[in-house]
Amino acid sequence: MDAPAMPDGPSAARWVDKLAAGLAVAGGVLTSLAALLVTVSVLGRWLFNSPIPADYEMVEVAVGVAVFAFLGQTQARSGHIAVDTFTLKLPARLNAAIDGAWDLVLAAFLGFFAWGLLAGGLDARANGLTLIQLPWPVWPVYLLCSVLAALACVIAVATAVLKFTRRLPPAAHTVSEARE
């Protein structure tokens, strides 16, 4: 399902789009590095009976951070799952307002996640919590995910405002709507 691209006009929409795209690129690079790590570890296990120690922990951290990095782009492109059974026949302006309201609900949850991750990171730091196999502290991961969740929250609020002010179209619900 393709969603409409951000309009070129408003600078706020461009700013949201650039921030979301930058975070998504970072998430893509991190995911690619995790895939490379798995490949090297599997080849090392197969060829030399020597995998990369604790590779699963590094991949776990990388994928967890990447998920938070992708949230902003998914939000900016209206890529989250939407159930539109009752709103398909409504006017576009009302659909944009409904989408904007749900964007604010998502923003509230993302803000809550950011706060929880920040609190968890500070607690992990205070207690010296580390990964199981590697002696790496986990608090930087918590804090990074907290920042990424907060940025996704900002993007969600921005997309809601853009939808309320009709500078961003409502989410496309079908491929044919996205092409119009």
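The values are calculated or read from the model by the stated rules, or taken from the named source; none is laboratory data. What you are looking at is a predicted structure, and each value in this text was computed from that prediction instead of being measured. Because the Cβ atoms are built from the backbone with ideal geometry, glycine has one as well, and the counts that use them run over all protein chains shown.
Condition check ((1) more than 30 Å from C153 (Cα to Cα); (2) hydrophobic (A, V, I, L, M, F, W, C); (3) assigned to a loop (DSSP other than H, G, I, E, B)) across all residues:
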| residue | (1), (2), (3) |
| --- | --- |
| L33 | no, yes, no |
| V38 | yes, yes, no |
| G44 | yes, no, no |
| V59 | no, yes, no |
| V63 | no, yes, no |
| F68 | no, yes, no |
## Note on the structure
Counted residues in region 65-76 being crowded, with 21+ Cβ neighbours inside 10 Å, out of contact with any Leu (no Cβ under 6 Å at 6 or more places or on another chain) and not hydrophobic (A, V, I, L, M, F, W, C) come to 2
### Task
Identify the single condition in (1) within 23 Å of E60 (Cβ to Cβ); (2) among the hydrophobic types (A, V, I, L, M, F, W, C); (3) exposed (fewer than 12 other Cβ atoms within 10 Å of the Cβ) that A124 does not satisfy, given that it satisfies every other one.
(3)
### Summary
Exactly one of D17, D99 is modelled with pLDDT under 95, among the charged types (D, E, K, R), in a helix (DSSP H, G or I) and closer than 25 Å to C145 by Cα, and that one is D17
### Check on T165, surrounded by 20 or more Cβ atoms within 10 Å (Cβ to Cβ) and at pLDDT below 95
no
### Query
Of the residues A26, A107, which is crowded, with 16+ Cβ neighbours inside 10 Å and either over 19 Å from W139 (Cα atoms) or touching a residue at least 40 places away in the same chain (Cβ under 8 Å) (or both)?
A107
### Query
Looking at region 34-55, which of its residues are surrounded by 14 or more Cβ atoms within 10 Å (Cβ to Cβ) and touching a residue at least 12 places away in the same chain (Cβ under 8 Å)?
A34, L37, V38, S41, I52, A54, D55
### Message
If I ask for residues that are surrounded by 18 or more Cβ atoms within 10 Å (Cβ to Cβ) and of a type outside the set (G, A, S), which ones from region 139-153 would you list?
### Response
W139, V141, Y142, C145, L148, L151, C153
### Query
Does W102 qualify as being without any contact (Cβ under 8 Å) to a residue 60 or more places away in the chain and farther than 19 Å from G64 by Cα?
yes
